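What follows is a set of notes on a single structure, which appears directly below.
Throughout, read-outs are computed from the coordinates displayed, never taken from laboratory work. None of the values given here were measured: they were computed from a predicted structure. Virtual Cβ from ideal backbone geometry, glycine too; neighbours counted across all protein chains shown.
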Amino acid sequence: MQIKQLSEVTPRPRHVAVGEFDGVHVGHRAVIAGNDTVLTFEPHPMTVLKPEAAPKLLTSLELKAELIAELGVEELVIVPFDKKFAGQTPAEFIDRVLVQRLGASHVSVGTNFRFGHSAGGTTELLAADPRFQARVVPLVEGEGAIVSSSRIRRLISEGHVEQAADLLGQPFRLRGEVVSGDRRGRELGFPTANLVPDPGLVCPGNGVYACRVGKHAAAVNVGVRPTFDDGQGLLVEAFLLNFRGELYGEVLTVEFVARLRGEQRFDGIDALIEQMGRDVERTRELLGSTAA
């Protein structure tokens, strides 16, 4: 898939799906289906228009691009979103972006898509334009409610990763660079790869999870290690089953498959080690030693 800035594209008859697409959930996938091009915005418009209300995101731009590429899209076009762009009228957005810059012959959006100054542009305005064919995709329901990025953010932050996966269409992914820790996991017999979560992205609620990291199954702790009270802050600690080696400096993608338990404080090291052993065995039961 080609990734381009809006200023880099030249017009051609494109089938374009337009939206923020944070998380690339099943509702987004319905909008994207059948299109060769996706138009998205970076940064998230709320960080520009109302930063105090901007949400933590499900996906970085890099990960969003990967998820979109997996859908068979040929081209991702990124709009650098700033106040000047936000100040365009809906008609200017249609004329300058969709028609003149992209040359769109087909435009797909979700029912709740709004665009232009003060979100004045509607799907009815798109559908009335004779220069392209507009496809307005109904909102998708899952488990009795509308699928939305905000709903998925809440589920993940509460630790409900299985429910979130149903709405995303795949397990939630978290990516980060492995950093040096205090090596306490190694001392306990469970050496972990430690990642510091990006504060601008959603992180699963504190607890222990069965995950996939590449081809390996992994027991992953998200939290602050209350047994040790070390004050290091939030860490994602992944124990990869059947793995030996060093991962410092590597960038890992962690897929959260199931929540095993909440984070808890133990009375002593022996009790902690015993529980960690149970967590690993439960992960093995769910995923095997490797996730491939």
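Taking every C-alpha pair closer than 8 Å and separated by at least 6 residues, the mean separation divided by the residue count of the chain gives a relative contact order of 17 percent. Multiplying the residue separation of GLU285 and VAL196 by 0.36 nm and removing their Cα-Cα distance gives an extension gain of 29.3 nm. Here the chain is assigned +1 on the Cβ of each Lys and Arg and -1 on the Cβ of each Asp and Glu. Its dipole about the Cα centre then comes out at about 520 debye. Each Lys or Arg adds one and each Asp or Glu takes one away; over the other residues whose Cβ falls under 15 Å from the Cβ of SER118, this sums to +3. Of the beta bridges in segment 2-146, as assigned by DSSP with both residues counted there, near 10 percent are antiparallel.
Please say if segment 42-101 is rounded, prolate or oblate, where rounded means a/c under 1.5 for a ≥ b ≥ c the square roots of the C-alpha gyration tensor eigenvalues, and otherwise the choice is prolate for a/b larger than b/c and oblate otherwise? Since a/c reaches 1.5 but b/c is at least a/b, the shape of segment 42-101 is classed as oblate.
Could you check which residue among GLY176, GLY144, GLY205 shows the biggest mean-square fluctuation in a GNM of the chain with a 10 Å Cα cutoff? The residue that fluctuates most here is GLY144.
When shorter helices are ignored and each DSSP H run of at least 4 residues is given -39500 (n - 2.57), the per-residue value for the chain at 222 nm works out to -6500 deg cm²/dmol.
With a ≥ b ≥ c the root eigenvalues of the C-alpha gyration tensor of segment 172-287, is it rounded (a/c under 1.5), prolate (a/b larger than b/c) or oblate? Rounded shape, in that the Cα axes give a/c under 1.5. Across segment 22-62, the residues whose backbone nitrogen lies under 20 Å from the label position 7 Å along the beta-carbon direction of GLU143 are 22-30, 56-59.
Could you compute the FRET efficiency for GLU42 and TYR248, with r as their C-beta to C-beta distance and R0 at 25 Å, rounded to 0.05? After rounding, the FRET efficiency stands at 0.25.
Note on the chain: lysine pairs with Cα distance below 15 Å, sequence gap of 8 or more or different chains, count 4. When each of the peptides 15-22, 118-125, 249-256 is scored by the mean number of other C-beta atoms lying within 10 Å of its residues, the order from highest to lowest reads 15-22, 249-256, 118-125.
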